[in-house]
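The values are calculated or read from the model by the stated rules, or taken from the named source; none is laboratory data. This is a predicted model, so every value here is computed, not measured. Areas reflect the complete protein model, heavy atoms only, side chains present, ligands, DNA and RNA absent. Shrake-Rupley method; radii C 1.70, N 1.55, O 1.52, S 1.80 Å.
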Amino acid sequence: MRFDLAQAFQVLASPPAALRALLLDLDDAWLHGDEGEGTFSPFEVVGHLLEAERTNWLPRARVIRAGDPGAEFPPFDRYAHRQLHAGRPVGELLDEFAAARRENLAEVESWRLDEADLDATALHPEFGPVTLRQLLSTWVAHDLGHLGQVARVMAKQYREAVGPWERFLPILRDRPRPAS
């Protein structure tokens, strides 16, 4: 599928509501379960998405929009949420994520991007030159990946409880079990 901004916005508008519907008012066992050391719980996914909203997507898009193809993106700490949001209520994080997402989508929409704008570049610290189209496409795929991650992590909380049905539930087997 070729990148289309209107189609991208269809997807980018939904994660705050989807996560709110799935996570609000759940017990801590659901919110803080994970897949083992170094993995994200559903709570952490919300914090990570919020920080990406604040310090990743739009700051990097603005670098590209500034028009200097040699400009480098600001760094993004993928784990900053662990210190910034520990102990906070998930409802607050969901509210902040929804507000930040609305603001960011409104800003991108205000740019009235054309094909030339989408092909503009800046430098990613690891990948080198990347286009605005690639950054915005990654934003969509990143969101979808984390929505899938939340569902997978939550499903795995019942891996043992499902008994013999585990073999019919690929969501329970798509990542190896963490070492005990």
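The value of relative contact order for the chain, using C-alpha pairs under 8 Å at least six residues apart, is 31 percent. Residues in the stretch 100-117 carry Karplus couplings, in order, of 5, 5, 4, 5, 5, 5, 4, 5, 4, 4, 5, 6, 6, 5, 10, 4, 5, 4 Hz; the curve used is 6.51 cos²θ - 1.76 cosθ + 1.60 with θ = phi - 60°, and Gly or Pro positions show x. Average accessible surface for the chain: 56 Å² per residue, computed with a 1.4 Å probe over protein heavy atoms with every protein chain in place.
Computed from backbone phi, the HN-Hα couplings of the stretch 82-99 come to 5, 8, 5, 10, 4, x, 7, x, 4, x, 5, 5, 5, 4, 5, 4, 4, 5 Hz, rounded to whole numbers (Karplus: 6.51 cos²θ - 1.76 cosθ + 1.60, θ = phi - 60°; Gly and Pro given as x).
Taking amide hydrogens as placed 1.01 Å from N in the peptide plane, the amide H of Ala122 sits under 5 Å from those of Val130, each at least 5 positions away in sequence or on another chain. Sorting Met154, Met1 by solvent-accessible area of protein heavy atoms yields Met1, Met154, largest first, with a 1.4 Å probe. Distance from the Cα centroid of the stretch 2-41 to that of the stretch 85-151 is 13 Å (rounded to whole angstrom). Diffusion coefficient (Stokes-Einstein, Kirkwood radius over C-alpha pairs, 20 °C, 1.002 mPa s) for the stretch 100-142: 190 µm²/s, rounded to a whole number.
Per-residue Karplus couplings for the stretch 130-142, computed as 6.51 cos²θ - 1.76 cosθ + 1.60 with θ equal to phi - 60°, are listed in order as 9, 8, 4, 4, 5, 4, 5, 5, 5, 4, 5, 4, 4 Hz, Gly and Pro entered as x. Computed on protein heavy atoms with a 1.4 Å probe, the accessible areas place Glu107, Glu37, Glu126 in the order Glu37, Glu126, Glu107, largest first.
Show log10 I(q)/I(0) for the stretch 8-86 at q = 0.21, 0.24 Å⁻¹, two decimals, from a solvent-free Debye sum over equal Cα scatterers. Scattering profile of the stretch 8-86, log10 relative to I(0): -1.04, -1.17.
Taking only the C-alpha atoms of the stretch 62-180, the Rg (one decimal) and the largest Cα-Cα distance, Dmax (whole number), read 19.3, 57 Å.
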